[in-house]
Amino acid sequence: LSMGRLMGEYVHVKEPTREMWADKIDYDFATQKGELANARGRAALFHYRAGKLHILGPDEMIAEDVWMTTCPDDDPHYRILMDDLQIKNGEVVSGSGARLQIGRMKTPIMVPFLWGGSKPVPWRLDFDSGRHAETGSYLNIGQQFQVSRELSLGPRIMPTDKQGVGFG
């Protein structure tokens with residue numbers, strides 16, 4: 001297949017650290033370009049879905065109607081939704097419409113993606129998830145805005161399995 005083209009429906013690819021399903025795939029191995037419809041799967045700890053995935057080269061793609069999470073459940077407890085996401089040279093260069101979803105509820109917490117390479121941005125996003133005996137599974141997400149060199153402020157939300165939702 002190194003010079004061929006893969007066209008198929010309901011494709012499942014499984015590797016040791018990655019797995020992917022797609023309703024439709026059209027991929028040219030010679031040009032390393034293609035399109036996938038309703039692509040979903042996992043890469044290491046991350047789980048994802050993209051309504052449409054345009055592969056423009058080995059390290060370049062555009063994804064539409066995307067979500068990603070670290071929650072392994074079929075119906076994730078939390079995820080970050082995005083209208084689109086663009087990757088060049090293996091790095092995320094732009095994204096739009098990012099929003100945190102907890103369960104089935106899309107929260108009002110918007111994530112402004114202002115990637116611009118080496119340009120400094122006046123905010124940062126920190127994210128942590130895991131499991132503790134007392135709280136159960138949790139997601140800890142915060143968005144910090146730089147007020148001065150010494151001070152940053154912003155909202156934080158931490159939903160848990162056993163202890164409810166914390167805000168800060």
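The values are calculated or read from the model by the stated rules, or taken from the named source; none is laboratory data. This structure is a prediction, so every number in the text was calculated from the model and none was measured. When we count neighbours, we look across all protein chains shown, and the Cβ atoms used for this are built from the backbone with ideal geometry, even at glycine. With ligands, DNA and RNA removed, areas are computed over all heavy atoms of the protein, side chains included. Shrake-Rupley method; radii C 1.70, N 1.55, O 1.52, S 1.80 Å.
Along the chain, the exposed loop sites are GluC sites (Glu not before Pro) outside DSSP states H, G, I, E and B with at most 14 other Cβ atoms within 10 Å, and the longest stretch free of them is 1-133. Between Pro72, Pro16, Pro155, the Gaussian network model of the chain with springs among Cα atoms under 10 angstrom shows the greatest mean-square fluctuation at Pro16. For Lys24, a cut-off of 21 angstrom between C-alpha atoms picks up these lysines, skipping any fewer than 8 places away in its own chain: Lys14, Lys33, Lys52.
A Gaussian network model of the chain, with springs between Cα atoms under 10 Å, assigns the largest mean-square fluctuation among Leu85, Leu151, Leu53 to Leu151. How charged is the neighbourhood of Ile87? Take every other residue with its Cβ under 10 Å from the Cβ of Ile87, and add Lys/Arg as +1 and Asp/Glu as -1. Taking every Cβ under 10 Å from that of Ile87, the sum is -2. Based on alpha carbons, the Rg and Dmax found for region 30-83 are 11.9, 39 Å. Each of the chymotrypsin sites (Phe, Trp or Tyr not before Pro) that DSSP puts in a loop and that has at most 14 other Cβ atoms within 10 Å breaks the chain; the longest unbroken stretch is 30-114.
If you sort Met7, Met20, Met158 by accessible surface, 1.4 Å probe, largest first, the order is Met7, Met158, Met20. Cut-off 10 angstrom, C-alpha nodes, Gaussian network model of the chain. Which of Gly95, Gly130, Gly142 fluctuates the most? Of Gly95, Gly130, Gly142, the most mobile in the Gaussian network model is Gly130. Here the chain is treated with +1 on each Lys and Arg Cβ and -1 on each Asp and Glu Cβ, and its dipole about the Cα centre works out to around 340 debye. Over region 1-94, the fraction of Cα-Cα pairs per 10 Å bin, rounded to whole percents and listed from the shortest bin up, is 16, 49, 31, 4, 0.
A simple count of charges around Phe46, restricted to other residues whose Cβ falls under 12 Å of its Cβ and scoring Lys, Arg +1 and Asp, Glu -1, yields +4. Look at the dipole of region 24-65 built from charges on Cβ: of Ala30, Ala43, Leu56, the Cα furthest out on the positive end belongs to Ala43.
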